[in-house]
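Worksheet: one structure, shown below.
The values are calculated or read from the model by the stated rules, or taken from the named source; none is laboratory data. Quantities reported herein were computed from a predicted structural model and do not represent experimental measurements. Here the Cβ is made from the backbone with ideal geometry for all residues, glycine too, and neighbour counts use every protein chain on show. Remember, those area values only see protein heavy atoms, side chains included, never the ligands or the DNA or RNA. Shrake-Rupley method; radii C 1.70, N 1.55, O 1.52, S 1.80 Å.
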Amino acid sequence: MIAENVENICERIRNTCAKVGRNPNDVLFVAVSKTFSSDKVAQAVRSGVYDIGENFVQELTKKRNQLNDPRIRWHFVGHLQTNKMKYIAKFIHLIHSVENLRVAEEINKRAIAEGRTIDVLIEVNTSGEATKYGIEPAKTLEFVKSASQFPNVRVKGLMTIGPFLPNPEQSRPAFRLLRELKEKILSEGIEHVEMQHLSMGMTNDFEVAVEEGSTIVRLGTAIFGPRTKRTNPVTL
Ligand SMILES: *Cc1c(COP(=O)(O)O)cnc(C)c1O
């Protein structure tokens with residue numbers, strides 16, 4: 001089932017890229033496995049998916065220990081608490097969700113302790129929903145400038161979560177806004193800031209996101225099926 005879903009997702013990404021003249025190799029698909037077992041993640045890996053995303057540090061480290069597979073690149077896509085950073089600093093591949101300077105500072109500190117640079121994306125609240133985390137669009141440039149001062153944190157781009165609306169077309173303005181922000185930040189030429197990534201698009205709206213320039217889509221339901229458990233690690 002997971003293998004078929006992976007095949008189907010890749011085909012949809014290829015078709016969407018063909019439609020807008022993009023190279024499908026420029027779109028990375030991260031399987032977001034929150035609430036699903038390590039066994040399901042192992043199935044995804046067997047289908048060729050090595051980029052795995054989680055929302056909770058505890059759930060991520062548990063699955064990483066169970067799977068013990070060095071091929072997996074672990075992505076953190078949830079709300080990061082400073083006191084949890086130490087558990088993932090050694091190995092995390094990309095943190096998608098930096099949205100305050102205290103967290104950026106902690107990432108920098110832990111990265112220095114591990115003798116590495118940690119790649120991050122800045123989360124932007126493009127839909128203006130009060131329930132969402134993320135930097136206000138108008139404050140993003142200033143935030144990226146501030147975050148770029150931490151030598152062992154490398155800003156690689158922006159991330160957003162589209163509005164949870166039934167029609168994927170309703171996500172387009174949010175994705176377009178993120179792309180425009182990326183272009184604006186790029187034009188500033190900030191030192192240590194690369195901006196090659198736009199992490200946007202989930203199961204419901206990833207094709208629209210790819211049309212708007214997404215380089216990383218984060219898919220849970222499309223690969224693993226519907227989630228039945230609450231997305232809270234203490235209930236796992
Ligand atoms: C759960 C989650 C996803 C995947 O959601 P689906 O709609 O199941 O594809 C992507 N990004 C983040 C930040 C998530 O929390």
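Does the stretch 1-111 come out rounded, prolate or oblate by the C-alpha gyration tensor, with a ≥ b ≥ c the root eigenvalues, rounded set by a/c under 1.5 and, if not, prolate when a/b is larger than b/c and oblate if not? Note, shape of the stretch 1-111 comes out oblate. Put a dot 7 Å past the Cα of residue 38, heading toward its Cβ, do the same for residue 187, and the two dots end up 4.9 nm apart. Per-atom-type breakdown for the chain gives carbon and sulfur 48% of the accessible area (1.4 Å probe, protein chains only).
Ranking 41, 103, 68 by Cα position along the charge dipole of the stretch 1-147, where only Lys, Arg, Asp and Glu carry charges on their C-beta atoms, puts 68 farthest toward the positive end.
Working note: Debye formula, equal point scatterers on the alpha-carbon atoms of the stretch 99-236, no solvent; log10 I(q)/I(0) at q = 0.13, 0.17, 0.21, 0.22 Å⁻¹ is -0.61, -0.96, -1.24, -1.28.
With the convex hull drawn over the C-alpha atoms of the stretch 50-141, the volume per residue is 104 Å³. Only aspartates and glutamates eight or more places from residue 63 in sequence, or on another chain, were considered; those with a Cα closer than 12 Å are 39, 54. In the chain, Rg over Rh equals 0.94, where Rg is the alpha-carbon radius of gyration and Rh the Kirkwood radius from pairwise Cα distances. Shown for the chain are the DSSP H helices of 18 Å or more along their axis, judged by Cα atoms, with a mean Kyte-Doolittle hydropathy of at least -0.5: 2-20, 101-114. With q set to 0.15, 0.28, 0.30 Å⁻¹, the log10 of I(q)/I(0) for the stretch 110-157, from the Debye formula over equal scatterers at the Cα positions, is -0.46, -1.00, -1.07. About the centre of its Cα atoms, the chain shows a dipole size close to 720 debye [charges on the beta carbon of Lys, Arg (+1) and Asp, Glu (-1) only; nearest 20 debye]. Peptide packing for 17-29, 132-144, 54-66 was compared via the average number of neighbouring C-beta atoms within 10 Å per residue; ordered from the highest value, the list is 54-66, 132-144, 17-29. Surface analysis of the chain yields an accessible area of 47 Å² per residue, using protein heavy atoms and a 1.4 Å probe. Taking each DSSP H run with n ≥ 4 as -39500 (n - 2.57) and averaging over every residue of the chain yields -11500 deg cm²/dmol at 222 nm. Could you pull out the pairs from 40/62; 156/184; 40/156; 34/132; 109/182; 90/156 whose alpha carbons sit more than 21 Å apart here? The pairs that break the limit, which is 21 Å between Cα atoms, are 40/156; 109/182.
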